[in-house]
Amino acid sequence: MDIYALQQDIIRYSKEIGIDKIGFTTADPFSELKARLVRQQELGYNSGFEEPDLDKRTDATLLLPGATSIISIALAYPSKLEDAPKGKKGERRGLFCRSSWGLDYHRVLKDRLTKLEAYILEIVPNATVQSMVDTGALSDRAVAERAGIGWSGKNCAIITPEFGSYVYLGEMITNIPFIPDTPMEDQCGTCTKCLDACPTDALVGPGQIDAKRCISFLTQTKDFIPMEFRKKIGNRIYGCDSCQTSCPVNKGHNHQIHKEMEPDAEIAKAELIPMLQLSNREFKAKFGHVSGAWRGKNPLQRNAIIALAHFKEEAAIPTLVELVKKDTRPVIRGTAAWALGEIGNVDMLSVLYEALEKEEEQEVRNEIEYAIDVLKNIE
């Protein structure tokens, strides 16, 4: 088999099916990454969403016996929202991060990888392949870095010369011994703009993140968001782009290449109060196709409440009172009570005292008591 010719065919075909960048590397273990992951665990910096088995995260042969190579792919996504709706008093809006604009990227990349698999297997029928996108055990960024897709930035993202860090990543493990590409040299230099821009100081150092402080992580959790982070979240509904928008390499990058990635502005900048009134079915119909919906409506509605508190939006008070009084979800009841305190209308004291008298969940009671204290200090 002429590996070089096959590789060139695959590169050519990848462009035909809408893969913006492709690279090849060996299936050798990612030994340096494993050492960093061990240190992350020791420091308690993991989010809990990761594959717990560090060997699987760093050794492709455990996922596909006989693997010799890994193909890394990247697809560029838009970074600018055309004709973005403007929020105003009474009609405030929240933000979804750029990686959650358009069709869920897992589906888009899986489509490209499935086509690439079929092409390879047509040429090499006895090949074995296994693809993954984000939810697989391997580290997408580590594979992309070693395959020459881009360098690993201080913001823990892969940064490409062509598209900045606005790229989705996926990979395919195979037993075909491809010629590995050369990794790129780090080009961040002395720049620390991403570290300086992080709202919660989650970037504890170049290339090191305390995931539990990261707003992207916090917006995906299901419990109460710790008080120290709520005001820093602002009007973010899902994810955070601060470490990307602050990156000088990303300036001027807005790649509208893939139709399915084009954002619906009414979803990317969703109106907040209507979000709180959606049923499960309505939520799925409106937001179910975007990656930010993967945890369901509860976290996003909690985040919408925090955003309304950020704006001190008095028009939200009737909706928040309804949630405090009637919602069956403790996190929503408690966060709504907290928001009433932040909005600062002292007429809500009677509502909160009544809710406190009926509330049985201690965490919710804590939120109500906090809101009461805030309003009493305003009186």
Close pairs from region 10-29: first on the phi > 0 side of the Ramachandran plot, partner of a type in the set (D, E, K, R) and in a helix (DSSP H, G or I), Cβ under 8 Å, at least 6 apart: GLY18/ARG112
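Tell me the residue from PHE287, PHE283 that is in contact (Cβ under 8 Å) with a residue 12 or more places away in the chain, farther than 16 Å from VAL364 by Cα, buried (at least 20 other Cβ atoms within 10 Å of the Cβ) and of a type in the set (Phe, Trp, Tyr), please.
Checking each option against the conditions leaves just PHE287.
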Failed criterion for ILE237 (all others in (1) among the aliphatic types (A, V, I, L, M); (2) farther than 21 Å from ALA197 by Cα; (3) in contact with a strand residue (DSSP E or B) (Cβ under 7 Å, 6 or more places away or on another chain); (4) surrounded by 15 or more Cβ atoms within 10 Å (Cβ to Cβ) hold): (2)
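So which residues in region 92-136 are over 26 Å from SER216 (Cβ atoms) and acidic (Asp, Glu), if there are any at all?
Filtering region 92-136 for residues over 26 Å from SER216 (Cβ atoms) gives 114-130.
Once the filter is applied, which keeps residues that are over 26 Å from SER216 (Cβ atoms) and acidic (Asp, Glu), region 92-136 yields GLU117, GLU122.
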Exclusive hit being touching a strand residue (DSSP E or B) at 6+ places or on another chain (Cβ under 8 Å) and more than 27 Å from LYS34 (Cβ to Cβ), set VAL124, VAL108, VAL129: VAL108
Single residue of LEU54, LEU62 found to be closer than 21 Å to VAL129 by Cα and either assigned by TED's automatic domain parsing to the domain that holds LEU109 or free of Cβ contacts under 8 Å to residues at least 24 places away in the same chain (or both): LEU62
Matching helices (runs of 4 or more DSSP H) fully within region 102-207 where at least 3 residues are in contact with a Gly (Cβ under 9 Å, 6 or more places away or on another chain) and at pLDDT 95 or above: 105-123, 140-146
Any hit, region 170-180, residues being small (Gly, Ala, Ser), touching a residue at least 12 places away in the same chain (Cβ under 8 Å) and buried (at least 17 other Cβ atoms within 10 Å of the Cβ): yes
Region 74-101: number of residues that are in a loop (DSSP other than H, G, I, E, B), within 25 Å of LYS232 (Cα to Cα) and among the acidic types (Asp, Glu): 0
LEU308 vs. criteria crowded, with 22+ Cβ neighbours inside 10 Å and out of contact with any Lys or Arg (no Cβ under 8 Å at 6 or more places or on another chain): no
Meets criteria (at positive phi and at pLDDT below 95) for GLY234: no
Enumeration of residues in region 41-54 that are in a helix (DSSP H, G or I) and farther than 16 Å from ARG141 by Cα: GLN41, GLU42, LEU43
Qualifying residue in region 352-370 (condition: polar (S, T, N, Q), surrounded by fewer than 22 Cβ atoms within 10 Å (Cβ to Cβ) and over 35 Å from the mean Cα position of the chain (by Cα)): no
Residue within region 38-50 that is among the hydrophobic types (A, V, I, L, M, F, W, C), crowded, with 18+ Cβ neighbours inside 10 Å and out of contact with any Cys (no Cβ under 7 Å at 6 or more places or on another chain) present: no
Looking only at region 269-317, and only at residues there that are of a type in the set (Asp, Glu) and assigned to a helix (DSSP H, G or I), the one that is farthest from the chain's Cα centre (by Cα): GLU314
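The values are calculated or read from the model by the stated rules, or taken from the named source; none is laboratory data. Computed from a predicted structure; not experimentally measured. For neighbour counting, all protein chains shown are included, and Cβ atoms are generated from backbone atoms with ideal geometry for every residue, glycine included.
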